[in-house]
Amino acid sequence: KVALFPGVGRIITGLSEASIKIGAVTSSWGPVFDPLHKASLSQYFDVYISREDGFPLKPAPDGILDCLKRMDVRPENAVIVGDTTMDIEAGKSAGTYTIGVLSGLAQRSQMEAEPPDAIIDSVEDLCGLFGIEAR
């Protein structure tokens, strides 16, 4: 049972309006993307990568690197946003900027031990980081 975090719709549409490419990489199975489809947000994503694509699971960076390659984005120009330390470790291994979100599975102490480049309390905080007007 997967649900979208509050603010996800606003950040996704805001990034798209700013012509920023969006990709999703998960170690879960493809149906984890169903809430994005149901919320009519899937159209804003350039790439989806899930366990079915056969990449080693995070913290391996392979799925992230392939996602970036498909979007024609260099790792140093990318941001990985994740709610687990495995997301952060994978992003760092891929050479991206990393943002840990505390509204998911990891506690602050776990994130700080990794550590990402930035830690935020909620997905909604991404609006401020990316200069997207919160509505």
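The values are calculated or read from the model by the stated rules, or taken from the named source; none is laboratory data. The structure displayed is predicted, hence computed values, not measured ones. Please note: Cβ atoms are built from the backbone with ideal geometry, for glycine as well, and neighbour counts cover all protein chains shown. The accessibility values were calculated without ligands, DNA or RNA, using every heavy atom of the protein model including side chains. Shrake-Rupley method; radii C 1.70, N 1.55, O 1.52, S 1.80 Å.
Computed quantities for the displayed model
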| quantity | calculated |
| --- | --- |
| Lys, Arg +1 and Asp, Glu -1 on Cβ, resulting dipole of the chain about Cα centre, debye, nearest 20 | 260 debye |
| Per residue accessible area of segment 7-135, 1.4 Å probe, in Å² | 53 Å² |
| Inter-probe distance in nm under a simple model that places probes 7 Å from Cα toward Cβ, at Arg70 and Glu17 | 2.7 nm |
| Longest to shortest principal axis, alpha-carbon extents of the chain, angstrom | 34, 32, 32 |
| Rounded to 5, the percent of DSSP beta bridges in segment 3-135 classed as antiparallel | 0 percent |
| Separation of the Ser103 and Asp117 label points, Cα + 7 Å toward Cβ, nm | 2.1 nm |
| Solvent-accessible ranking of Val79, Val101, largest area first, probe 1.4 Å | Val79, Val101 |
| For the chain, built as a Gaussian network whose Cα springs stay under 10 Å, the top-fluctuating residue of Leu57, Leu105, Leu68 | Leu105 |
| Carbon/sulfur fraction of accessible area - the chain, other protein chains in place, 1.4 Å, % | 50 percent |
| Cβ-defined net charge surrounding Ile80, 14 Å radius [Lys, Arg +1; Asp, Glu -1] | -4 |
| CD proxy at 222 nm, helix term only [per DSSP H run n ≥ 4: -39500 (n - 2.57); per residue of the chain; nearest 500] | -8500 deg cm²/dmol |
| At most 15 other Cβ within 10 Å, DSSP loop - trypsin sites (Lys or Arg not before Pro), segment 1-49 | Lys1 |
| Among Phe45, Ser19, Pro56 the positive-end extreme of the charge dipole of the chain (Cβ point charges) | Phe45 |
| Environment charge of Leu65, counting only residues whose C-beta is closer than 13 Å and scoring Lys/Arg +1, Asp/Glu -1 | 0 |
